[in-house]
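Heads up: the structure comes next, in structure tokens.
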Amino acid sequence: MTEILYPVLSIGGLGLLFGALLGFASKKFAVPVDERVPLIRECLPGANCGGCGFAGCDAYAEAVASGNAAPNCCPIGGAPVAAKIGEVMGIKVEASEPKMAYVKCQGTCEKAKDSYKYYGLEDCQQAMNVPGSGAKSCSYGCLGYGSCVKACQFDAIDIVDGVAKVNKDNCVACGACVTACPKGIIELVPQKQKVFVTCNSKDKGLDVKNSCSVGCIACTLCVKACPKEAITMVDNLSVIDYSKCVNCGLCEKKCPTKAILNFRQPIQPSKDEVAAVN
């Protein structure tokens, strides 16, 4: 009997000792957790898209609670989520300006020339390894092999006639397509913006015309036409300052190659105005 009792007591005693040591260690070396972190995490949509600039919703929640991130950085949640996070933090949160992805290229199969036929993998990253960084004569244009499509979790981008096109109704401005594009032709722009430069070429004049019929040739007519000085030439390419642009569309009218597009809906005249003209 004693032969069994002593081992049982010794093992039980060791168990109690180790349990007490673990309990003491858990309290002694415990890392304090901000109780607001799980509350903020509950406010977030859980997409883990990285659009906030952090690895996922958990990392973003911790950053907000520690004061290292603004409460309004979730592109999917938008204003409602920002308001909920503000309640948790006890502050009033201003909603960030809604954005969407935009592709700065019109180089479709009809408008842009190819230097050769590409038979490799249907992936933009892989196509960058071939001569000329892709088959298109314009080395700055959309390759059209869908790396951005694969990166998008929200079915907001497709390849249409050889060029990526964004469905703004599905786009949440997470920025995954921006990161995936090896040519850097996708950018996040304000949703309210209606006038865009749809070119990414840094070439000039005939060098552009010989590759694409709708490329920016750096003629500067748009710069001269803008009444708000919202357009500048950077590396032979027109660049719009969206904080100054009022979407008047004068630059689009002056562009000889139609490298600038105006998506503003035309204002329909009233019946009285039509009658006055007639």
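The values are calculated or read from the model by the stated rules, or taken from the named source; none is laboratory data. Remember, predicted model here, so these are calculated numbers, not experimental data. Ideal geometry is used to build each Cβ from the backbone, glycine not excepted, and the neighbour counts take in all protein chains shown. In case anyone asks, the SASA skips ligands and DNA or RNA and just uses the protein heavy atoms, side chains included. Shrake-Rupley method; radii C 1.70, N 1.55, O 1.52, S 1.80 Å.
Miscellaneous remarks
- Solvent-accessible area of CYS216, all protein chains in place: 10 Å² (probe radius 1.4 Å, heavy atoms, ligands and nucleic acids excluded).
- Between GLU42 and TYR242, the FRET efficiency estimated from the beta carbon spacing at R0 = 30 angstrom works out to 0.35.
- Low-density loop cleavage sites - trypsin sites (Lys or Arg not before Pro) in the range 105-139, where at most 13 other Cβ are within 10 Å (DSSP): LYS117
- What separates the Cα centres of the range 51-105 and the range 167-235 is a distance of 27 Å.
- For SER115, the solvent-accessible surface with a 1.4 Å probe is about 80 Å², rounded to the nearest 10.
- Residues in the range 66-73 carry Karplus couplings, in order, of 8, x, 9, 8, 6, x, 10, 9 Hz; the curve used is 6.51 cos²θ - 1.76 cosθ + 1.60 with θ = phi - 60°, and Gly or Pro positions show x.
- Close amide-amide hydrogen proximity is noted between ALA173 and ALA101, each under 5 Å apart and 5 or more residues distant or on a separate chain (H modeled in the peptide plane; Pro and chain starts excluded).
- Note, ³J(HN,Hα) from phi for the range 127-142, Karplus 6.51, -1.76, 1.60, rounded to Hz, x at Gly and Pro: 5, 5, 7, 8, x, x, 6, x, 7, 5, 4, 7, 6, 9, x, 5
- In summary, the lysines within cross-link reach of LYS150, defined as a Cα separation below 29 angstrom excluding same-chain residues under 8 places away, comprise LYS99, LYS104, LYS111, LYS113, LYS117, LYS136, LYS165, LYS168, LYS183, LYS192, LYS194, LYS202.
- Taking all protein chains together and rolling a 1.4 Å probe, GLU97 ends up with roughly 90 Å² accessible.
- Residues ARG36, ARG264 ordered from highest to lowest accessible area at a 1.4 Å probe: ARG264, ARG36.
- The range 35-89 shape via C-alpha gyration tensor axes, a/c threshold 1.5: rounded
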